[in-house]
């Protein structure tokens, strides 16, 4: 076998849209700049597309009758890809930031962690706060739950967060999740 060749069989990708002769519906609703919006026989719509040197692209196959557009198919795909990329770039990327406490965390340390949590919540991130129990400190589980609820209540009362999940035990941890409060 020659270098650069593989033994895998050629697999043809399925088209994203039906175009031109692949459209099987008898009638189609044509939208676009080149024809008034109306229902046409598929043959008539194809004829107009060919006259303009463009493609008839089925953009909504579930509609009755299917919706088609007369466009340059390659340009259509490019614009769709560009729109998807723009949507993805504008999407809010929400991370989950973690804040760790011990069962005997001091009041000053809690205030310091609240300050960090406010910063994370203002940026739109969720905060997962948990109390980690080492060794025999597991007997203070209720103290850990109280600590987390006090921490959460401060953030909720000041309007920074809403409680997304109640304290739940996860092995040697007790955790809560706070989500940023949506500002109007």
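Overview of values
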quantity: Hits in region 88-115 - residues which are free of Cβ contacts under 8 Å to residues at least 40 places away in the same chain, more than 22 Å from residue 134 (Cβ to Cβ) and in a helix (DSSP H, G or I); calculated: 88, 89, 90, 111, 115
quantity: Tabulated pairs, region 146-167, first on the phi > 0 side of the Ramachandran plot, second modelled with pLDDT under 90 and not in a helix (DSSP H, G or I), C-beta under 9 angstrom, 6+ apart or interchain; calculated: 159/181; 159/183
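To keep it simple, each residue is scored yes or no on (1) surrounded by 12 or more Cβ atoms within 10 Å (Cβ to Cβ); (2) in contact with a helix residue (DSSP H, G or I) (Cβ under 8 Å, 6 or more places away or on another chain).
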| residue | (1), (2) |
| --- | --- |
| 67 | yes, no |
| 72 | yes, no |
| 81 | no, no |
| 89 | no, no |
| 131 | yes, yes |
| 146 | yes, no |
| 155 | yes, yes |
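The values are calculated or read from the model by the stated rules, or taken from the named source; none is laboratory data. Since the structure is predicted, the reported quantities are computational estimates derived from the model, not experimental observations. Virtual Cβ from ideal backbone geometry, glycine too; neighbours counted across all protein chains shown.
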